[in-house]
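**Q** Okay, here's the structure, questions in a sec.
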Amino acid sequence: MNWEYVSLDHSNRKILKRCLFIGIVLLWIGFGGFAFGQDCPNLTSPLDGETNIPVETSISWEPVVGVTGYIISLGTTPGGIDLINQQQVGNDTSFMPPNGLPELTTVYVTLTLFFFDQENIVCPSQSFTTELITEAPGCSTLALPNDGATGVNVATNLSWNYAPKATGYRLSLGTVAGGVDLLDRLDIGQALSYNPPSDLPFDSAIYVQIDPYNAVGEALDCATYAFETASQGAPPDCTFLITPPDGAINVGLSPFLEWMPVPNAQGYILSIGSTPFNSDILDQGVFTSTSTFVLNFESNNTYYVTITPFNEAGQALDCSQESFSTILGCGPFYDAESGLLTSYYPDLEFPSQIGLCNNEVPKTIRAPDGAEGYRWYRLQGSDELFLAEAQDLILYETGTYRFEAFNTVSDLGQTIECVYSQEFEVSFSGIGQVDEVIITRVGLNFNLEVVVSGFGDYVFSLDGENYQPSAFFTGLSDGLYTLYIDDLNGCGTAQYPLRITFPQKGFPPYFSPNDDGINDFWRYEKPLINPLLVVQTVIFDRYGKILMLFGPEDTGWDGTYQGRPMPSDGYWYRATTKDGDFVTGYFSLVR
């Protein structure tokens with residue numbers, strides 16, 4: 001047999017062993033309908049509940065890992081199908097409604113997650129509301145036959161693409177440019193195709209004019225398209241896939257495609273796409289045989305195939321699209337022996353931030369165990385520089401890096417890699433240093449604030465277990481504490497002992513008014529036991545000169561007299577209590 005080949009140029013796409021799904025439906029029921037914790041995707045454009053959406057909008061949603069494909073329905077009621085009835089979109093996460101959307105309408109989007117041998121998951125409907133059309137539509141383009149095509153079947157149907165904001169189309173056909181001798185501005189309505197009631201003339205040029213319209217007006221200056229019909233004769237019938245058959249699952253990643261030969265066919269036009277709406281894998285490849293190999297399909301995908309036989313009388317008409325699904329690749333998949341959902345991807349985690357500690361350059365980092373192989377890259381703009389293929393990496397400088405861990409799985413003589421990837425940032429870091437400790441009394445408790453310096457990214461704790469991003473602690477009782485400062489970049493944990501106590505005397509023996517936030521004011525502080533009810537305090541220098549007088553609600557003495565700082569020295573105070581008693585004493589001003 002004369003086989004032809006199609007190379008798809010997908011690097012590192014290889015085959016994984018076939019995955020069993022026996023009993024998956026029962027397991028799906030046991031998990032309440034959402035097998036293995038599958039989440040339904042949210043709309044990303046338009047968003048759920050959004051309004052004033054253009055009628056030519058494409059609908060897109062979040063991808064769902066492990067799903068074979070998606071089915072979309074659109075309606076004017078929740079779960080409705082009056083606009084689009086369960087249209088398969090393959091692995092694509094977007095869908096362009098072929099006829100656009102109706103204006104001033106709430107459109108309900110219902111997504112169905114399609115799996116191999118598992119019940120589909122129908123997701124709750126999401127909705128948005130379309131705009132009011134206020135302008136005439138744009139022009140359309142002829143889709144079938146192609147503009148300039150030759151040898152077209154005289155029984156061909158015509159189809160065209162949606163024109164933005166169009167609610168209908170007028171179609172003209174003629175045998176001369178601008179002619180209407182075959183069809184004169186027939187109103188097709190919203191349809192995007194037309195089947196002429198009689199065959200077109202043989203061996204003739206056919207001119208097509210498509211004029212979109214809406215309630216505002218008609219598109220202007222739209223182009224005329226043309227094609228040539230075939231000579232007289234009988235075109236071939238359609239064919240169908242033999243291997244793999246339509247609807248097959250668990251197809252290998254390098255399948256042999258074969259289709260039924262058709263009498264009187266001179267060749268076959270083959271198109272393959274990853275969605276029903278495009279031919280991104282192979283676009284109208286011409287084959288004279290009835291088979292071909294296809295190299296390196298992706299795993300866990302559904303592929304759509306259209307085969308159109310042709311001869312001198314033209315192409316076969318209305319050949320149906322067929323599809324098949326490839327094996328699951330790296331998973332996750334159902335293991336019939338263990339009854340668990342398993343995956344061949346490395347089960348490990350790697351941090352997104354690593355510190356290059358200022359006292360240990362260069363630094364060796366080690367990837368966690370649990371993979372067959374490891375690779376390291378450094379990102380340089382849009383490029384990657386390969387560094388090493390080992391579990392360890394020596395770091396010399398900061399920057400953005402990428403780490404890969406992979407397992408390999410082989411089947412049918414081919415191997416694929418199941419890759420875990422993580423970008424991470426390397427930055428200079430170090431152990432935190434305490435610059436200042438501020439203790440504030442609040443009633444019978446205290447607040448603690450610590451000012452820390454250093455290159456690191458720090459979290460703080462008073463018990464070594466429960467960490468927080470802020471160095472501010474509230475509601476502390478008096479006692480001994482240890483402050484833990486942990487560097488999230490891995491450069492270590494610093495420990496600082498602290499003592500929080502109530503003052504033993506109400507009148508401080510010294511203060512230091514240097515604007516550092518600690519002991520900047522001198523005043524009576526009520527002790528926990530037997531406090532005095534001080535109503536007035538007077539400050540004297542050693543010569544008896546009054547420097548300051550303040551009440552119990554004032555902040556106290558700041559160490560100045562008439563705006564001038566007083567020198568470091570000893571000073572006296574006299575406090576008057578509510579009972580009329582006097583308390584005198586001595587304290588020091590320290591600078």
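**Q** Report, ordered by the first and then the second residue, all pairs with beta carbons closer than 7 Å, sequence separation of six or more or different chains, a first member in the range 237-254 that is in a loop (DSSP other than H, G, I, E, B) and modelled with pLDDT of 90 or more, and a second member that is among the aliphatic types (A, V, I, L, M) and crowded, with 18+ Cβ neighbours inside 10 Å.
**A** Here the result reads Asp237/Val262; Asp237/Ala316; Cys238/Ala316; Thr239/Val262; Thr239/Ile307; Pro244/Val251, each pair linking the range 237-254 to a residue that is among the aliphatic types (A, V, I, L, M) and crowded, with 18+ Cβ neighbours inside 10 Å.
**Q** In the range 451-502, how many are in contact with a strand residue (DSSP E or B) (Cβ under 8 Å, 6 or more places away or on another chain), polar (S, T, N, Q) and under 21 Å from Gln353 (Cα atoms)?
**A** Summing the residues that are in contact with a strand residue (DSSP E or B) (Cβ under 8 Å, 6 or more places away or on another chain), polar (S, T, N, Q) and under 21 Å from Gln353 (Cα atoms) in the range 451-502 gives 6.
**Q** If Phe310 meets every condition in (1) within 29 Å of Pro196 (Cβ to Cβ); (2) aromatic (Phe, Trp, Tyr); (3) under 33 Å from the mean Cα position of the chain (by Cα) apart from one, which number is that one?
**A** Phe310 satisfies every listed condition except (3).
**Q** Specify the residue that is nearest to the chain's Cα centre (by Cα); the eligible residues are those in the range 333-362 that are part of a strand (DSSP E or B) and modelled with pLDDT of 65 or more.
**A** Gln353
Yes/no matrix, rows are residues, columns are (1) buried (at least 18 other Cβ atoms within 10 Å of the Cβ); (2) touching a Cys at 6+ places or on another chain (Cβ under 9 Å):
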residue	(1), (2)
Phe115	yes, no
Asn120	no, no
Pro124	no, yes
Ser127	yes, no
Ile133	yes, no
Pro137	yes, no
Leu144	no, no
Asp147	no, no
Val152	yes, no
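**Q** From Thr400, Thr474, which residue is at pLDDT 95 or above and surrounded by fewer than 16 Cβ atoms within 10 Å (Cβ to Cβ)? Steps first, answer last, please.
**A** Details: Thr474 fails: at pLDDT 95 or above.
Thr400 is the lone residue from the list that is at pLDDT 95 or above and surrounded by fewer than 16 Cβ atoms within 10 Å (Cβ to Cβ).
**Q** Ok, one more. Inside the range 183-228, counting only strands (runs of 3 or more DSSP E) that do not spill past its ends, which hold 2 or more residues that are free of Cβ contacts under 8 Å to residues at least 12 places away in the same chain?
**A** none
**Q** Do you know which residues across the range 469-504 are among the aliphatic types (A, V, I, L, M) and either outside any loop (DSSP other than H, G, I, E, B) or at positive phi (or both)?
**A** Hits for the range 469-504 are Leu476, Leu480, Leu483, Ile485, Ala494, Leu498, Ile500.
**Q** Okay, moving on. Please specify each residue of the range 425-449 satisfying the condition of being within 38 Å of the chain's Cα centre (by Cα), among the hydrophobic types (A, V, I, L, M, F, W, C), outside any loop (DSSP other than H, G, I, E, B) and surrounded by 18 or more Cβ atoms within 10 Å (Cβ to Cβ).
**A** Across the range 425-449, the qualifying residue is only Val426.
**Q** Hey, among the residues in the range 233-253 that are surrounded by fewer than 18 Cβ atoms within 10 Å (Cβ to Cβ) and touching a strand residue (DSSP E or B) at 6+ places or on another chain (Cβ under 6 Å), which one's nearest to Val305 (Cα to Cα)?
**A** Ranking the candidates gives Asp246 first.
The values are calculated or read from the model by the stated rules, or taken from the named source; none is laboratory data. For clarity, every value in this text was computed on a predicted model and none was experimentally measured. Because the Cβ atoms are built from the backbone with ideal geometry, glycine has one as well, and the counts that use them run over all protein chains shown.
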